[in-house]
Amino acid sequence: MTTSLPPSGALAPLEQSRYLATELPGPRSRELAARTCAVVPTGVNAMMPSYAVRAEGGIIEDVDGNRLIDLGAGIAVTSVGASAPRVVEAVQRQAAQFTHTCFMVTPYEGYVEVAEQLGRLAPISGETRTALFNSGAEAVENAVKVARAYTGRQAVAAFDHAYHGRTTMTMSLTAKAMPYKHGFGPFAPEVYRTCGSYPLRDGLDGVTAAKKAISTLEKQIGADRLAAVIMEPVQGEGGFIVPAEGFLPSIVQWCQDNGVLFIADEVQTGFARTGAWFASELEGIEPDIMTTAKGIAGGMPLSAVTGRAEVMDAVHPGGLGGTYGGNPVACAASLAAIETIEQDGLIEAAQTIEAVIREHFAQNADERIGEVRGRGAMMALELVDPATGEPDAALTAAVAKAVHAAGVVLLTCGTDGNVIRFLPPLTISEQLLREGLAEVTTALSAN
C-alpha cells in the first residue's frame, strides 16, 4: 500500500531534529525493501534502506517515523532543500497549466527563461547558448557531440579519478571500474585519459602536475586530434579532489593555445554547492562549454549544456534535443531554485558550511584523517592508514555504517573507497550540521 499524505498545503513543518522511533531500517522500511527485491534489479542498490516519506531543511523522515539528519542532499541535488517553498509552488502552478508538450514540437517560455538565467550566471564571457536535457550524463554526452561538431575532431580526453556518468560515452570518460564500468564494455572509441592533480597523493604543485598531464595529451593523442578536454573543477565520485592551484588554468590555457575545447563538468559542483555559483569561478577559469544538473532544479530532473554561442551553434538544426529535455515542470522548478539561491543567501550558506566542517575536524583531529578538503558544502575526509598513508576503505565503510545506524545520511566516495563526503542541503541548520559531524567523530573514535 502506498504511503499517503495530505496535500502539501496542509502539511505542518517537518521538525528539524533527529529522532529514532525504531532501529534502522525500521519494520515498514524492511517490508518495502522486500517488495523492492521482488521487482527492482539488484543493480539498483540503496545505500541506506530507510524509505523516505518527507524531507525538509536538513531532515529526512522515513516511513517508520524516524527523522534522519541529511548530509547527502540526494547526492548534491536538493541544495535548496527537498521541499523548498518556491520550488513546490512553481511545480504545482506549472503542473496545473501543462506538464509536457515537448520543446521541439510546441515550445514554451520556461525553457527560454532557464537558458537566459544560465547565460547570465555561467562563467563564460560573451554570448552564450544553452540546451536543456534530463540528467548529468545526458548533458555530458551532448557536450561531447557539440565539441566534435565545432572542431571537426573526434578525440576526447578525461582525467584520472573522473566521474561523468553511466551511459556508454560517460562510462568511457569515467575512471573507476567498479561499480560504474565493470562488465559493461565495450566502451566508446576515441576517449583517452591523462593524469590529473591530486595534491595529497602526487605532491605536485599545480603547474608541474599540468605539465605532466599535457605531456601525455601531446604524446599519446596529439592536440590536432583532440576535440575537447573535460574535467570536474572539483572531482566528485573520485574523492572530492581539489586540484592544486594553477592546474586548471594551465590546462585551459593549453586548450586555448591548441584549438581544443575545455568542458567544465559542473554537474555536482554547480549552483552554489562550492560557495560560488560555479566552481570554475573559484579556479579562475572560463570554460568553452559547461555541463550542469543536480542542484539546477531543486530535485526535479533537468540538466543543461551552456557554451559559447559560436560553439553551440555549430550543430545543425535538429542535432540536439530529446523528448523530455527541458520539461516545463522542471524548468519552473529551476527558475524557483535559482531565485531561492539568490534571495536566501545560499552561496554564503555554503561558505559557512565549509567553515563549520573545517573547524569541527580541526578541533577533533585524528591521525587517520589524511586530509580535510573541498569547497563550500562539498567537503570530504580522506581516511588513511597513518603508518603508511595508504587508503583505508575498511575504516571508511565502518564509519559510514555506524553513522547510518545513528540516524545520519552520509555518503562515501573515492577511487579507493576511502573518502567520506559531506553534501548537506544548503538550508541545513548549523545545529543539525554539527550534530551530524559529531556522529562522524564518534564513529571514528569507536573504530
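A short reminder: the numbers here are calculations on the coordinates, not readings from a lab. Every value quoted in this text rests on a predicted model; they were computed, and no experiment measured them. Neighbour counts are summed over all protein chains in view; Cβ atoms, including those assigned to glycine, are modelled from backbone coordinates with ideal geometry.
Treating the Cα atoms of the chain as identical point scatterers in vacuum, please give the log10 of the normalised Debye intensity I(q)/I(0) at q = 0.06 Å⁻¹, two decimals.
-0.25
What is the distance in Å between the Cα centres of the range 337-369 and the range 219-284?
23
Please report, in debye to the nearest 20, how large the charge dipole of the chain is about its Cα centre when each Lys and Arg carries +1 at its beta carbon and each Asp and Glu carries -1 there.
Details: 32 positive and 50 negative charges, 215 e Å.
Here the size comes out at about 1040 debye.
Would you please state which residues of the range 300-339 a label at VAL105 would reach in this model, taking the label point 7 Å out along Cα→Cβ and a backbone N cut-off of under 19 Å?
318-332, by backbone N distance to the label point.
Step through the table entries LYS145/LYS294; LYS212/LYS294; LYS211/LYS294; LYS176/LYS401, compare each Cα-Cα distance with 28 Å, and write down the pairs that go over it.
Check vs 28 Å cut-off fails for LYS212/LYS294; LYS211/LYS294.
Taking Cα pairs under 8 Å and at least six residues apart, what relative contact order does the chain come out at, in percent?
Values: 943 pairs, mean separation 96.0, N = 447.
Once normalised by length, the contact order is 21 percent.
Which whole-angstrom value gives the distance between the alpha carbon centres of the range 86-101 and the range 109-180?
Each part reduced to its Cα centre gives a spacing of 26 Å.
Pull out the extension gain between THR167 and ALA96, defined as 0.36 nm times the separation in residues minus the alpha carbon to alpha carbon distance; nm, one decimal.
22.3 nm
Report the antiparallel proportion of the DSSP beta bridges in the range 87-343 as a percent, rounded to a multiple of 5. Let's see the in-between values first.
Details: 11 of 25 bridges.
For the range 87-343, the DSSP antiparallel bridge percentage is about 45.
Tell me, what are the semi-axes, in whole angstrom and largest first, of the equivalent ellipsoid of the range 87-343 as set by the roots of 5 times the Cα gyration tensor eigenvalues?
On the way: eigenvalues 185, 74, 60 Å².
Over the Cα atoms of the range 87-343, the semi-axes work out to 30, 19, 17 Å.
Using Cβ counts within 10 Å as a stand-in for footprinting exposure, how do MET312, MET178 rank, fewest first?
Exposure proxy ranking, most exposed first: MET178, MET312.
How would ASP288, ASP366 line up from fewest to most surrounding beta-carbon atoms within 10 angstrom?
ASP366, ASP288
Over the Cα atoms, compute the radius of gyration (one decimal) and Dmax (the largest Cα-Cα distance, rounded to a whole number) for the range 271-380, in Å.
Spelled out, the Cα radius of gyration and Dmax of the range 271-380 are 17.7, 57 Å.
How many nm separate the modelled label positions at GLU113 and GLU359, each set 7 Å beyond the Cα in the direction of the Cβ?
Once both label points are built, they end up 3.8 nm from each other.
Out of all DSSP beta bridges in the chain, what portion is antiparallel? Express it as a percent rounded to 5. The partial results should precede the final answer.
On the way: 33 of 49 bridges.
Once the DSSP bridges in the chain are tallied, antiparallel ones form about 65 percent.
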